[in-house]
Amino acid sequence: MSRAKQVYLNYWKQLKFFVDELGLDWTFSSFEAESQIVVKIGAPKHKICLSLQGPDGKGVRSISAGFWIPDSRETFARLQARSKELAAEIGQPLWWDSRPGRKSCWIWVTVSMDLSQEKNWPASFEWFAKNATRLRDVVQQHLESMQIALLKNPG
């Protein structure tokens with residue numbers, strides 16, 4: 001197993017311990033890549049992707065939480081029309097990800113963080129707990145106000 005893969009797996013394991021200790025209603029559902037894991041947070045169980053970006057395991061430069069909008073570019077566009085309001089409510093800039101040829105879209109929040117040393121990991125766990133939940137709650141409120149229901153239990 002590569003050094004990078006070992007670091008990522010250990011990181012996700014430690015995040016899971018953190019989530020369990022806090023009693024958060026998170027279900028770790030799948031790996032999208034070594035550096036990305038999908039979690040379902042609370043009910044309704046929307047997918048949030050947690051992501052680490054770094055140069056080949058030599059130290060993560062940033063971490064992100066993304067809200068998944070399944071198969072609906074129209075919903076994505078309607079939310080994006082409220083981008084300033086959403087960013088203000090979440091308290092940070094948002095990255096709108098709707099790549100051509102893909103039906104599903106993402107709304108991401110990102111922060112720079114050096115995770116090359118394990119002593120820095122707890123701060124990232126706290127960031128994920130706060131921001132992934134906040135992103136989910138704010139987007140869900142806007143979906144409800146627009147009377148849009150996403151899948152209640154995405155795969």
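The values are calculated or read from the model by the stated rules, or taken from the named source; none is laboratory data. Nothing here was measured: the structure is a model prediction, and the numbers come from that model. Positions of Cβ are generated from backbone atoms using ideal geometry, with glycine treated the same way; all protein chains shown enter the neighbour counts.
See the values below:
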{"item": "Flag for residue 63 being assigned to a strand (DSSP E or B), modelled with pLDDT of 80 or more, among the β-branched types (Val, Ile, Thr) and closer than 11 Å to residue 139 by Cβ", "result": "no"}
{"item": "Strands (runs of 3 or more DSSP E) wholly inside segment 4-54 that include at least 1 residues being among the aliphatic types (A, V, I, L, M), surrounded by fewer than 18 Cβ atoms within 10 Å (Cβ to Cβ) and out of contact with any Asp or Glu (no Cβ under 7 Å at 6 or more places or on another chain)", "result": "26-33"}
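Let's see how each residue does on (1) modelled with pLDDT under 80; (2) under 25 Å from residue 119 (Cβ atoms); (3) aromatic (Phe, Trp, Tyr); (4) under 15 Å from the mean Cα position of the chain (by Cα):
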{"position": "6", "(1), (2), (3), (4)": "no, yes, no, no"}
{"position": "26", "(1), (2), (3), (4)": "no, yes, yes, yes"}
{"position": "43", "(1), (2), (3), (4)": "yes, no, no, no"}
{"position": "67", "(1), (2), (3), (4)": "no, no, yes, yes"}
